[in-house]
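This report concerns only the one structure given below.
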Amino acid sequence: IPPAEATSTMAAQAVEGLSFSQEKKNYIVNTLDPILEQMVQECLLEMPADVPAFMLTWLQKRSGLGLQDPVTLRAKRDMLKKELASMKEFVVSATDAAASAKRMSIGADSDEESDDDDMIDEPIPPPEASRKPRASVSAEVYGEWNKARPFVAPQHPKTPAQTEKLRRILTNSFMFANLEEKDLQVVLLAMVERTFSAGKKIITEGEDGEVLFVIEEGNPICKKWINGQEKVVKQCRPGDVFGELALLYNSPRAATVEAVDKCICWELDRETFTHIVKEAATKQTKMYESFLEQVSLFATLDKYERSQICDALKTERFGKGQAVVREGEEGNKFYIVEEGELAAIKSNDIVKDYRSGDYFGELALLNNEPRKASVVVTSATAKVLSLDRKSFTKMLGPLQELLRRKAGEYK
């Protein structure tokens, strides 16, 4: 089946279980799906600050709309907003119908500030105003043309030194950081070392993609054809992941990545990625969503807003006596207690206890000031969910006034 027909077939099977009429399903597959895929890819490449404006402009250009009088333009804008909202509605339903890699679809941030550079062609969330979760439209679907078969992960033995080095790289990459140990072992064994010389193209825009890469050494460049010219849109660095978009969306490569010096990458195949990494992320996201529903702070948020927070959360584990935050230090994370017990200590006095569902660390982010107290684990172990400064500001904006009112509990 040609690629276009295969994509259409996958989209058709992805919507088959949705509670829509056949007419609407046909409309989704034949009208919404192609437009949405094109728009998402363009948005990922440009990464505009004003996403809604970018999408509306893109839709205007696609529709052949030029400058018009304000009244006509306003009417067209309203029409395009409705079309965009309709697309987002499909994304919500497709998320429930297909095994979407939501957790790997957010630009996760680093421990200090932002890991935006970690991903080269990773999906970004839709406009916040749309209140709809993102998802892969063309999720992996099996049928007569693509038969499912028992999964057996490939095994490529490595030296202890290679294994340890690769482990450090993966645990610092948000895509792999939260894998359970048994799953991480499968991925470690499945990855293959590849070396590329300067000038060698690692992936090429428009080609089919069956693998993703994690950079160990080197600084390849990411290039994209824009307005008839191939332009460099990103300089990559060790630890970056690229090539995952083609696996998540079953789409052609969105950009070219080319080595400019000696580049050592670790390659992961589609099957292992789908069965281990994507499935683990989906399970973890569902677990987080269930947990956040029980956290009082998020009671006023809708399902979409909570799902966005879930996608940005990172799991951190601590032992008894370990400090999660220290008094006087700069604060760049917000924490939610998932398991265990902790205590806030100020001037050697316990001023507050924390248990599952409690949160802390927001004051330093809200007021841009050092930590007011240390938070130490008092149980045998503790597991907390962390949200970096950038995600905290972006996703908890509606709750910041509530957080400020509750700030008195820490004084």
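Looking across the stretch 303-323 at every residue that is of a type in the set (Gly, Ala, Ser) and open to solvent by less than 40 Å² (accessible area, probe 1.4 Å), the one that is nearest to the chain's Cα centre (by Cα) is identified as Ala312. Summed over the stretch 329-366, the residues that are among the β-branched types (Val, Ile, Thr) and either free of Cβ contacts under 8 Å to residues at least 40 places away in the same chain or touching a Leu at 6+ places or on another chain (Cβ under 7 Å) (or both) give a count of 3. Determine whether Gly357 is open to solvent by less than 20 Å² (accessible area, probe 1.4 Å), of a type outside the set (Val, Ile, Thr), over 16 Å from Glu330 (Cβ atoms) and modelled with pLDDT of 80 or more. So Gly357 passes the test. Selection of first residues in the stretch 264-283 that are in contact (Cβ under 8 Å) with a residue 24 or more places away in the chain and of second residues that are assigned to a strand (DSSP E or B) and of a type in the set (Lys, Arg), restricted to Cβ pairs under 8 Å at least 6 apart or on distinct chains, gives the following pairs, ordered by first then second residue: Ile264/Arg194; Cys265/Arg194; Trp266/Arg194; Glu267/Arg194. Is it fair to say Ala364 is out of contact with any helix residue (DSSP H, G or I) (no Cβ under 7 Å at 6 or more places or on another chain), small (Gly, Ala, Ser), surrounded by fewer than 18 Cβ atoms within 10 Å (Cβ to Cβ) and more than 23 Å from Ala280 (Cα to Cα)? Against the criterion (out of contact with any helix residue (DSSP H, G or I) (no Cβ under 7 Å at 6 or more places or on another chain), small (Gly, Ala, Ser), surrounded by fewer than 18 Cβ atoms within 10 Å (Cβ to Cβ) and more than 23 Å from Ala280 (Cα to Cα)), Ala364 does not qualify. Give the residues of the stretch 201-228 that are surrounded by 14 or more Cβ atoms within 10 Å (Cβ to Cβ) and in a loop (DSSP other than H, G, I, E, B), sorted by residue number. If the condition is that a residue be surrounded by 14 or more Cβ atoms within 10 Å (Cβ to Cβ) and in a loop (DSSP other than H, G, I, E, B), then Thr204, Glu205, Gly209, Gly218, Asn219, Pro220 are the ones that fit. Residues in the stretch 299-337 that are among the aromatic types (Phe, Trp, Tyr) and farther than 19 Å from Asp353 by Cα: Tyr304 only.
On the stretch given as the stretch 155-188, residues that are open to solvent by 40 Å² or more (accessible area, probe 1.4 Å), touching a residue at least 24 places away in the same chain (Cβ under 8 Å) and not polar (S, T, N, Q) total 7. For the stretch 232-246, the set of residues classified as within 28 Å of Asp33 (Cβ to Cβ) and assigned to a strand (DSSP E or B) consists of Val233, Lys234, Val241, Phe242, listed by residue number.
With respect to the conditions (1) open to solvent by 40 Å² or more (accessible area, probe 1.4 Å); (2) closer than 19 Å to Ala382 by Cβ; (3) outside any strand (DSSP E or B), Thr300 falls short on a single one, namely (2).
For the criterion of being within 21 Å of the chain's Cα centre (by Cα), aliphatic (A, V, I, L, M) and under 30 Å from Thr195 (Cβ atoms), Leu292 fails.
Among the residues making up the stretch 324-338, none is exposed (fewer than 15 other Cβ atoms within 10 Å of the Cβ) and more than 7 Å from Arg371 (Cα to Cα).
Checking each residue in the stretch 247-265 for being open to solvent by less than 10 Å² (accessible area, probe 1.4 Å), closer than 24 Å to Gln155 by Cα and not in a helix (DSSP H, G or I) picks out Cys263, Cys265.
Scoring Asp311 on the criteria (1) closer than 30 Å to Ala344 by Cα; (2) at pLDDT 90 or above; (3) part of a helix (DSSP H, G or I) leaves a single failure, condition (2).
The values are calculated or read from the model by the stated rules, or taken from the named source; none is laboratory data. Just so you know, these numbers come straight off a predicted model, no measurement behind them. Cβ: placed from backbone, ideal geometry, glycine included. Neighbour counts: every protein chain shown. Protein only, heavy atoms only, side chains kept; ligands, DNA and RNA dropped before computing areas. Shrake-Rupley method; radii C 1.70, N 1.55, O 1.52, S 1.80 Å.
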